[in-house]
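The values are calculated or read from the model by the stated rules, or taken from the named source; none is laboratory data. Just so we're clear, the structure is a prediction, and the values are computed from it rather than from any experiment. Reconstructed Cβ throughout: ideal geometry from the backbone, glycine too, with neighbour counts over all protein chains shown. The protein model used for the area step is the full one, side chains on, heavy atoms only, and it has no ligands, DNA or RNA in it. Shrake-Rupley method; radii C 1.70, N 1.55, O 1.52, S 1.80 Å.
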Amino acid sequence: MLVAGRRFGKTFLALAELLTAVYGKPDTIAWYLGPDRKQAKRIVWKPLKRATKLWWAKRPNESELIIELRGGGMIQVLGAKDYDSLRGPGLDFAVLDEYAQMSPLVWTEVVRPMLSDRGRDGHALFIGSPAGLNHFYTLHGDACDPTNAGSWAAFKFTTLEGGNVRPEEIEAARRDLDEKTFRQEYEASFETYAGRMYYAFSRATNVANVEFNPNYPVLWAMDFNVTPLCSVICQRIGATLNIIDEIVLLDSGTLSACNEFRRRTIDWRQARRASAWDEEFQQGPLPVIVYGDPAGQARHTGADKTDHQQVKEFFRRSETDYAMEWRIDSAPPRVKARVTATNARLTNYNGQHAVFVNPRCKKTIADLEQVIWKLDGNRNVLPEPDKTNPDLTHLSDALSYLVWHEWPIRGRVGDIAQQVI
């Protein structure tokens, strides 16, 4: 993973790695993937032909953008826009250039599986400049995670460190650009994306190693969808909300979520009993407060009963283990209202933070960083989330229903944007 400023020299690096991956290695296949085929050809095809000319097995295929080398290796230039058409039997090496401009499914559904079925270790090189807190940012975070040290290597360089742009030009750009744009384009900094719904969230201040506290109830906030079915598990300690776990189930129903919640909380029930000094407390059930979308009282996910009815019936059979309480509003609050309330808890006007997320809740963190407002055809912001990415919005929706119920904004949204903690 290479994150670099503009004009760092990423294309030269890609050419060197492609040639190294296939030269002298029979039957190896390497791809250079750009955001689209036209752009990929414009950027790399001519330089690739110049770099490999001495080792051509035959003249390059200009229609398929394929170069075959002596020794049996092959390099092909492709675009990632129509990624479904790229599926094939196998691949040894891939360069994904400007990955931030591609769909994340290019990697997860196409390239990665192809690198895995050749009977040898496949490799990939991600190169690009930051483009907000999107999937490229998330993948870079995974690459930097010490637990992935055996699988990933991550590098970051500024434009100046590339040595291809004079310092005077960089200073001129500093004068011409706003601070965030300069940091993103020239210093390879991942900057907050304009239009973020949960702009008050920051990993530096809102991610912490919060864990289950046996002296407080468990708060379970749900967003009912056929797929993914998402929920966050929290605890309120005074004015602070700790998000200690998340549940994300694909192609599952409400009862699957209930069973998974039970599995996640077995150890907590035992810890609560072990910590109790009072015998009645020790033998009592674990208090659980449920929050969610009021639409769940009418919506059905693959069953005759509504989502809420299914949850209630499930836990009615577990009264010795759980003491359930329901805090679901009769009507849904406006999206802007609950988002504003959530931002106020994340970081208020005075710089105070009252929501903390355990690092294991990676999907929740991605939601809070990446969900943006929807735009109309004239680029005007609409009061609803952009649901282009089907993996986003569900966990933050669940969280915002909880926050709105516990800490509603006093006054009309727009008049009061913060709430005193």
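Some notes on this structure:
- When ALA131, ALA124 are checked against the criterion of being among the small types (Gly, Ala, Ser) and not in a loop (DSSP other than H, G, I, E, B), ALA124 stands alone in meeting it.
- Top-ranked residue of the range 320-374 - restricted to ones that are of a type in the set (Phe, Trp, Tyr), more than 21 Å from the chain's Cα centre (by Cα) and open to solvent by 40 Å² or more (accessible area, probe 1.4 Å), ranked as nearest to ARG203 (Cα to Cα): TYR349
- Test: residue in the range 140-160 that is out of contact with any Ser or Thr (no Cβ under 6 Å at 6 or more places or on another chain), closer than 26 Å to GLY195 by Cβ, among the hydrophobic types (A, V, I, L, M, F, W, C) and assigned to a loop (DSSP other than H, G, I, E, B): no
- Criterion violated by TRP277 - all others in (1) at pLDDT below 85; (2) open to solvent by 30 Å² or more (accessible area, probe 1.4 Å); (3) closer than 15 Å to VAL232 by Cβ satisfied: (3)
- Some residue of the range 156-178 being closer than 24 Å to TYR349 by Cα and not hydroxyl-bearing (Ser, Thr, Tyr): yes
- Single unsatisfied condition, THR52 versus (1) open to solvent by 80 Å² or more (accessible area, probe 1.4 Å); (2) of a type outside the set (A, V, I, L, M); (3) over 28 Å from HIS135 (Cβ atoms): (1)
- Given (1) at pLDDT below 90; (2) more than 23 Å from the chain's Cα centre (by Cα); (3) buried (at least 19 other Cβ atoms within 10 Å of the Cβ), index of the condition SER129 fails: (2)
- Condition check for ALA94: in contact (Cβ under 8 Å) with a residue 24 or more places away in the chain, open to solvent by less than 20 Å² (accessible area, probe 1.4 Å) and not aromatic (Phe, Trp, Tyr): yes
- Screening ALA57, ALA100 for residues that are within 29 Å of LEU139 (Cβ to Cβ) and either open to solvent by 30 Å² or more (accessible area, probe 1.4 Å) or not hydroxyl-bearing (Ser, Thr, Tyr) (or both) leaves exactly one candidate, ALA100.
- The residues of the range 27-49 that are open to solvent by less than 80 Å² (accessible area, probe 1.4 Å) and free of Cβ contacts under 8 Å to residues at least 60 places away in the same chain, listed by number, are ASP36, GLN39, ALA40, ILE43, VAL44, TRP45, PRO47, LEU48, LYS49.
- Only one of the listed residues (THR205, THR147) is without any contact (Cβ under 8 Å) to a residue 40 or more places away in the chain and under 30 Å from VAL355 (Cβ atoms). That residue is THR147.
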